[in-house]
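Computed from the coordinates by the stated procedures, all read-outs in this text should not be read as laboratory data. Treat the numbers as computed from the prediction; the structure is a model and nothing was measured. Note that we place each Cβ from the backbone using ideal geometry, even for glycine, and neighbour counts take in every protein chain shown.
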Amino acid sequence: MSETGSHPVWSRDFGLFFVARAVAQLGDTMLPVALAAGLLQHGYGAGAVGLALAATSAAFAGLIIFGGVIADRFSTRKLMIGADLVRLGTQSVAAVLFFSGHVVLWQICAIGFVNGAAGAVFQPGVAGTVPRLAADVQGANGAIRVAEAVAQLAGPALAGVLVGFASPGGVFAAHATTYAVSALCLLLLRLPPPVRPPGDRAVRGTRAFRADLAEGWREFRARTWLWGVIAIWCVYMIAVWGPTVPLVATEVVQQHGPRAYGLINSALGAGTVVGGLLALRLRPRRMLRAGAIALFAFAGFPMTVGAGLDVLAMAVGAAVAGAGMAFWSVMWATSVQTQVPADVLNRIHAYDVAGSLAMMPVGQALAGPAAAAMGTDHVLLVAAGMSLVVVAALLSARPIRDLVRADTPTTLGPAPSPAAAGEGVCPERT
């Protein structure tokens, strides 16, 4: 395992893209606070807040596969700029509604749905843009992950300040501004043209949209390491992440108060920063194996809360969990971006995101009944145990654990065979 990359991460264009992602992430982390404060102030309950958030997530999850096909057919930069401009408009409308005091739930949900649809068009292009801008793809992903973690720490606090000194409308106005900044940065970006197979543009211009969907699915299925991780991750979302997030919040707030929960969340974010920084430095040859080993650390988060340990122990468990999860996420994102051919990467990334998100609502929905039947502490301890089981499953799959890193993004060529991927002999294609 080497400790440093041989390629620089930073350049003018990657810096612009980094600012675009960091600012937009900051705005996105402010949104739940703005929705909760604004809707509660106008007489709506917690159910309305959940409905407004669900409108966005449902549109995003339901449309991202189609967004991946669109991103592979057209200019990703133009699509991302367009998506940012759409969200600039919708969040500006939301700000006007909250400033004026004329807040109707269906309108807020409709705005959320449009935002989710725009996000579904925007997100697939992110995966394809990083390897086109940065020679050091892993370092670029590590830097972006650190920015996301800082945004998760700062966003809710900034939103709280804006609500206190202005109003929820002020948060929506600030959120709209973040999309304007993102669009401007992307507009200034000089993005290298994607490498396409000979004749690809002509074929893609005439063939059916459905054929692109089918090709993306074939490419996804052809990579055992890829669909294997997604299949295992579905179990992770149901048994670990889905129940952990709501039940940790409930248990900590009930037993120790909201300040303790804020401290634990801050520790989780700080650990995520550390994990991202480690991913900037460490260069494992078998990235998914190293990432899975780091993911063992996540079990400490639900375990310390389920075991009823003190707040300090829970904060330490959260910090370690954040570091492990961040390191895994960088290893995974980099593997996808460097192992998948560029001409199908956006579609593959869309399948990745859709598969990763599909089971999270199931886990969240089952968390309440499971806690009522077994007790919250027992469910969290089971989640901790399942976290270890899931990591063991990742490491037991040979195509996953033996996949060899490919520092140069794959541009053309068929998918590797499962046997070759398992041996780790073919990922170095360029």
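Separation of segment 338-383 and segment 135-185, taken as the distance between their Cα centroids, equals 24 angstrom.
Give, as a single signed number, the net charge of other residues whose beta carbon lies under 12 Å from the beta carbon of Ser396, with Lys and Arg counted +1 and Asp and Glu -1.
Working: positive: Arg289, Arg398, Arg401; negative: Asp402.
After counting each charged neighbour, the total is +2.
Within 10 Å of each residue's Cβ, count the other Cβ atoms and sort Val320, Val104 from fewest upward. Mind dumping the intermediate values first?
On the way: Val320 23, Val104 11.
Ranked by crowding around the Cβ, least crowded first: Val104, Val320.
Against the set [x] 23.0, 70; [y] 21.3, 63; [z] 25.3, 85, the structure's computed Rg and Dmax of the Cα atoms in Å falls on [y].
Nearest 20 debye, what's the magnitude of the dipole of segment 210-430 about its Cα centre given +1 on Lys and Arg Cβ and -1 on Asp and Glu Cβ?
Numbers: 15 positive and 12 negative charges, 88 e Å.
Roughly 420 debye, rounded to the nearest 20.
Classification of segment 61-135 by its C-alpha gyration tensor yields a prolate form. The axis ratio a/c (a ≥ b ≥ c) is 1.5 or more, and a/b outweighs b/c.
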